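The values are calculated or read from the model by the stated rules, or taken from the named source; none is laboratory data. Keep in mind that what you see is a predicted model, and the values were worked out from it rather than measured. Virtual Cβ from ideal backbone geometry, glycine too; neighbours counted across all protein chains shown. Ligands, DNA and RNA are excluded from the accessible area calculation, which covers all protein heavy atoms including side chains. Shrake-Rupley method; radii C 1.70, N 1.55, O 1.52, S 1.80 Å.
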Amino acid sequence: MKKKMMMLLMVICLGVVTTTSFAAASNVTYDHRALVIDGKRRVLVSGSIHYPRSTPEYDFSDRKDLVKFVKLVGEAGLYVHLRIGPYVCAEWNYGGFPLWLHFIPGIKFRTDNEPFKDEMKRFTTYIVDLMKKNDLYASQGGPIILSQIENEYGNIDSAYGSAGKSYIKWAANMAVSLDTGVPWVMCQQSDAPAPIINTCNGFYCDQFTPNSNQSPKLWTENWSGWFTSFGGKIPYRPVEDLAFAVARFYQRGGSMQNYYMYHGGTNFDRTSGGPFITTTYDYDAPIDEYGIIRQPKWGHLKDVHKAIKLCEAAMVATDPTYPSLGANLEATVYKTQSGLCSAFLANTDTHSDATVKFNGNSYHLPAWSVSILPDCKNVVLNTAKINSMAMLPKFIPQSLKYNLDSSGDIQSTWSWFREPVGISKTQAFVKSGLLEQINTTADKSDYLWYSSSITIKGDEPYLQNGSQTVLHIQSLGHGLHVFINGKLAATRYSPTGDHKISVDIPATLNTGNNAIDLLSLTVGLANYGAFFDLAGAGVTGPASFRSSNGGLTLDLSSQSWTYQVGLKGEDLDLASGGSSNWDSSAFPKNQPLTWYKTSFSAPDGNDPLALDFTGMGKGEAWVNGQSIGRYWPTLSSPSGGCSDHCDYRGPYKSDKCLKNCGKPPQQLYHVPRSWVKPSGNVLVVFEEIGGNPTKISIATKQVGSMCSHVSETHPAPVDMWDTDQTDKKLGPMLLLECPAPHQVISSIKFASFGTPQGSCGSYTHGKCRSFQALPIVKKACVGARSCKIGVSIDTFGDPCSGVKKSLAVEAICG
């Protein structure tokens, strides 16, 4: 039981929220306004981290040690929202379910089905008991203040009819009966029964209303970006829009929101779902795949959180009121009889800025922005005006540092193994007809061989000229390699649509026996949708030989086929780098179904590492026996539809802001530093379609330039807010700080005060500029780890009277 359950544990999601240290047990309840912790309403901010998609610098028991992770979160002074599921979606293979669940007799997933409910209760109870055993619930003095059962079932429950309704009631009652001492939630479940809190997921949740006037308004998934698919463009979400969504949610009475994701990480091994989800799960999150903060997204959201926390006392003390400001304008006021007052001013117009009157003062509101006023008078932050600096990360190519012999030939450092075409394992079996792949492999491998043969006399009616024919095959996907008489005849993938494949292959057959070998493959299993667990794969037919004019055929679908689950190299455990089957002679390049092995030394330092698979086709790679995931640098996205600048104004959706058109979505693959040694690292690659492994290189990820662009109309930095000095007119400041403690600002690449244009890395001077900007910035910043400069004519003089000016700076740390 424990082994099976740990397979599910890998994909429990956690949201961490800022708090203080833990000691005695806490009482967690809720009312209509907020979660209530030890009698106090709390405004909370949370971020999702999938711990198996991240790697620590120590052993996390294959990244699945949930107890250790929760304890670490508590030690950091954070709360935990434990989203148990057990269905999690998360673009994770099979939605987080293990395949063995599918084979339980009579089971039907996520409905009023006794076998499924038995397993769901068993798993949920196991997790709850595991947390209780380690005193991890707040009621025991631990950090867990909230738990979730099921996940986004309301999006698809209509497909399950009345059985879906009764299932949700059962799931709610089962969860509550486990007596965790903390509230339970269901996301996207408008009919969640009390005392379950129904919550919102989406790009925006300001208009969401809980189904009970006794429940607080919670946002369990604020999508900070979007996932990427092989063959797809890369989505990103501008931070101005994300900040707008966050501020609007709290403005409209929200009390807790969670970023999905705050750190996305990497789909190591074969864990990515979809199908066709990339190995990177970066998600344009505030902390990137490699653990580097993404600026200005991370910093601007941090400022938003601070601004909202300045309003917390008023927000939790009362319900909001909404004074009228006009069309597409909205004021929200939290005011108590004791004199506390905080306000939010929003302009929801997608194009036009506005100037509004509020409490006798005038406020400028850019389109699609929110201004936050902790004292109902002074603006501490506007979501469209970024004070946080930007950083431009870059990958620095490095040598793999092969252990070369005296010849100096890189090829001499590689050994190889040719994967046999067709059946090569003793565990192969024969069946009549074509079998669905997932039911046959149980997802133990991406690969399934279908092998058969036919005998040709030369007078068959489906042949032309005694040997010419067309092989027709239909597959449910996701990929197919067709071999006729041991030679590759066709390769097809289906990354879009319903993933089905239909192929017609001209073939020349020999008199006598002809071998037909089909290698079918999956690229991650479905993870979302009604009955997603029933989505099939593989060659289910029809399969036939046809005459080229479409007339007579020979059906192959019902004849005997020999099946082999997985590859010979997998059975030989080639991924570990061991085995005596490696060959070092006659190095093959650009050959399909080939395993390669080499050793390398890691680059010096602690910068994050990535392998660049340019030159390779498609496959999977391992470093020191650890799978870094599937690679596919040859599948490019469609051209067109991308732009260097995406207007943050107006509703965001996953295809609004795209980059990397006409290019592969992923060429660089994360190798955790904790997986490598200074030297003697073993790299193993299984190349599926053909490539040249000697072109594989390694890169370190470093921060290049850092930039900031602040105008005269920006509020002062949030950290400068002082409630005792709110009458002082604090001016805008440009702040720069090197990311590493040992670094200092070594040079200023650009500085301009006036009307500079462009973005970080490509600033240009405008018609209006102060020639004093560069020397002033150099004097203030060079040689220091951080610096701040007032953005005003008092600092730089006035190069153009009557024009709104700004300061743009690009700096280098060293």
Original post:
Got a sec? What order do F203, F613, F395 fall in by accessible area at 1.4 Å, biggest, i.e. largest, first?
Top reply: F395, F203, F613
Subject >> Descending principal axes extents, region 387-443, alpha-carbon based, whole Å >> reply: 63, 54, 14
Original post:
Can you give the Rg to Rh ratio for region 331-405, taking only C-alpha atoms and Rh from Kirkwood?
Top reply: 1.45
Subject >> Rounded to 10°, Cα long-axis angle of helix 66-75 versus longest principal axis of the chain >> reply: 20 degrees
**OP:** Find the percent of Cα-Cα distances in region 562-617 that exceed 12 Å, and round it to a whole number.
**Re:** 78 percent
Original post:
What does the charge add up to near N359, with Lys and Arg as +1, Asp and Glu as -1, over the other residues with Cβ less than 12 Å from its Cβ?
Top reply: +2
**OP:** Please report, in Å, the Rg and the Dmax of region 281-406, where both are computed over Cα atoms only.
**Re:** 21.3, 84
**OP:** Find the all-direction average of the projected area of the Cα convex hull for region 545-702, expressing the result in square nanometres with one decimal place.
**Re:** 16.5 nm²
Subject >> Isotropically averaged projected area of region 482-537, using the convex hull of Cα atoms (one quarter of hull area), nm² >> reply: 5.0 nm²
**OP:** Return the Cα extents of region 732-813 along principal axes one, two and three, sorted largest first, each rounded to a whole Å.
**Re:** 42, 25, 19
**OP:** Return one number: the angle in degrees, 0 to 90 and rounded to the nearest 10, between the long axis of the Cα atoms of helix 297-310 and the longest principal axis of the Cα atoms of the chain.
**Re:** 40 degrees
Original post:
In whole Å, what are the Cα extents of region 28-313 along the three principal axes, biggest one first?
Top reply: 52, 47, 38
**OP:** Provide W632, W675 ordered by accessible surface of protein heavy atoms (probe 1.4 Å), highest first.
**Re:** W675, W632
**OP:** Please work out the average accessible area per residue across the chain, using the 1.4 Å probe convention, and give it in Å².
**Re:** 39 Å²
Original post:
Taking θ as phi - 60°, what are the ³J(HN,Hα) couplings along region 349-355 by the Karplus curve (6.51, -1.76, 1.60), each to the nearest whole Hz, with x for Gly and Pro?
Top reply: 5, 8, 9, 9, 5, 8, 10
**OP:** Calculate the length of the line joining the C-alpha centroid of region 506-558 to that of region 155-213, in whole Å.
**Re:** 42 Å
Original post:
What is the Cα centroid distance between region 456-481 and region 629-657, reported in whole angstrom?
Top reply: 39 Å
Original post:
Where a Cα-Cα gap under 23 Å defines reach, which lysines qualify for K297, not counting those fewer than 8 residues away within the same chain?
Top reply: K233, K306, K309, K385, K394, K653, K656, K659, K701, K749, K788
**OP:** Calculate the radius of gyration of the Cα atoms of the chain to one decimal place, then report Dmax, the largest Cα-Cα distance, as a whole number, both in Å.
**Re:** 29.7, 99
Original post:
Whats the longest run of the chain with zero trypsin sites (Lys or Arg not before Pro) that are DSSP loop and have at most 13 other Cβ atoms within 10 Å?
Top reply: 1-443
Subject >> Vicinal HN-Hα couplings computed from phi for region 791-808 (Karplus, 6.51 cos²θ - 1.76 cosθ + 1.60; Hz; Gly/Pro x) >> reply: 9, 6, 5, 5, 8, 10, x, 10, x, 7, 5, x, 10, 5, 10, 8, 10, 10
Subject >> Square roots of five times the Cα gyration tensor eigenvalues for region 429-564, Å >> reply: 28, 15, 12
Original post:
Relative to the longest principal Cα axis of the chain, at what angle does helix 114-133 sit, 0 to 90 degrees, rounded to 10?
Top reply: 50 degrees
Original post:
Can you pull out the chymotrypsin sites (Phe, Trp or Tyr not before Pro) in region 55-153 that DSSP calls coil and that have at most 14 other Cβ atoms within 10 Å?
Top reply: Y58
Subject >> D_trans [Stokes-Einstein, Kirkwood Rh over alpha-carbon pairs] for region 72-187, 37 °C, 0.692 mPa s, µm² s⁻¹ >> reply: 218 µm²/s
Original post:
Can you work out ³J(HN,Hα) from phi for every residue in region 43-54, in order, using Karplus 6.51 cos²θ - 1.76 cosθ + 1.60 and θ = phi - 60°, giving whole Hz and x for Gly and Pro?
Top reply: 9, 10, 10, 9, x, 7, 9, 8, 4, x, 8, 10
Original post:
Considering only protein heavy atoms, what is the solvent-accessible area of M186 at a probe of 1.4 Å, reported in Å² to the nearest 10?
Top reply: 0 Å²
Original post:
For H714, H300, H765, H645, what's the largest-to-smallest order of accessible area, 1.4 Å probe?
Top reply: H645, H765, H714, H300
Original post:
What's the carbon and sulfur percent of the chain's accessible surface, probe 1.4 angstrom, rounded to a whole number?
Top reply: 50 percent
